[in-house]
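Every number in this text was worked out from the coordinates using simple rules, so none of it is lab data. Since the model is a prediction, treat every value here as computed from it, not as a measurement. Don't worry about glycine lacking a Cβ; one is built from the backbone with ideal geometry, like all the others, and counts go over all protein chains shown.
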Ligand code: TYD
């Protein structure tokens, strides 16, 4: 039986992730690949409530509380949505996953990623992505795009330094995980989409070939 596949999309603010996910879903539809699309934090009723606390309420949240809230939402989505989908051999498309925690709550803040990894492993029940597509955008471009859009949530009310830290943090994440592949997000929407599809097909097809030979 087909094993299922976890594909996550990551990247800092203004990297074009939402547009690319929309295009990618159209591509999957065309290909006839069975998938579910989820977002983090969120994707379940509990998770969406946690998302609301994390992103939209003007309350002071302690660092460890924040880490645990992201991971509480994660534990729920793993049990309620991801495990059942994998069992059915589906592709799980995630708009952010644990690499966001490693980047935002870890490297970007200069925090210890080893303790974060333990919490993440607990929340995910050790489930890992098969492929993570990281939309890599230089902080200068990201910041400029965001200023032009002028859209900010609790996590985005931050200056240029935050953008630089985020860019470096995601690069650090990529360096430490061979399943994370960099996509050049400075390119046009069509070119970025093409890079994503090519990278995905290489990995997805090689998994299918392995299954075929088992
Ligand atoms: P969202 O509105 O989904 O933003 P985006 O379009 O950038 O994905 O908000 C999610 C925010 O939560 C985003 O700023 C990144 C942050 N986040 C973390 O800090 N840690 C995490 O583990 C996750 C999943 C998200």
Any idea how far apart residue 186 and residue 87 come out in nm if each label point goes 7 Å out from Cα toward Cβ? 4.7
Distance in Å, no decimals, from the C-alpha centre of region 131-203 to the one of region 14-91 is 17
What is the extension gain from residue 205 to residue 144, computed as 0.36 nm multiplied by their sequence separation minus the C-alpha to C-alpha distance, in nm to one decimal? 18.2 nm
Label-point separation in nm, residue 63 to residue 80, each point 7 Å along Cα→Cβ: 3.0
Sort region 55-153 into rounded, prolate or oblate with this rule: let a ≥ b ≥ c be the square roots of the eigenvalues of the Cα gyration tensor; rounded if a/c is under 1.5, and if a/c is not under 1.5, prolate when a/b is larger than b/c, oblate otherwise. prolate
Using helices alone, I'd like the mean residue ellipticity at 222 nm for the chain: each DSSP H run of four-plus residues gives -39500 (n - 2.57), total over residue count, nearest 500. -16000 deg cm²/dmol
For residue 121 and residue 46 in the same chain, what is the full-extension length gain: residue separation times 0.36 nm, less their Cα-Cα distance, in nm? 25.0 nm
Considering the Cα trace of region 91-214, what is its radius of gyration and what is Dmax, both in angstroms? 16.2, 52
Using Cα pairs closer than 8 Å and at least 6 residues apart in sequence, work out the relative contact order for region 1-116, in percent. 42
Between the modelled labels at residue 31 and residue 171 (7 Å from Cα along Cα→Cβ) the distance in nm is 2.9
Using only the alpha-carbon atoms, what does region 162-201 span along each of its principal axes? Please give whole angstrom values in decreasing order. 28, 22, 8
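Looking at the P(r) of the chain, how many percent of alpha-carbon pairs lie beyond 30 Å? Mind dumping the intermediate values first?
Details: 4467 of 22791 pairs.
Roughly 20 percent, once rounded to a whole number.
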Output the direction-averaged projected area (hull surface divided by four) of the convex hull of the alpha-carbon atoms of region 35-75, in nm². 2.9
Residue 111/residue 160 FRET efficiency (R0 22 Å; Cβ-Cβ; nearest 0.05): 0.60
Calculated SAXS-style log₁₀ I(q)/I(0) at q = 0.19, 0.20, 0.23 Å⁻¹ - region 1-80, Debye, Cα scatterers: -0.98, -1.05, -1.19
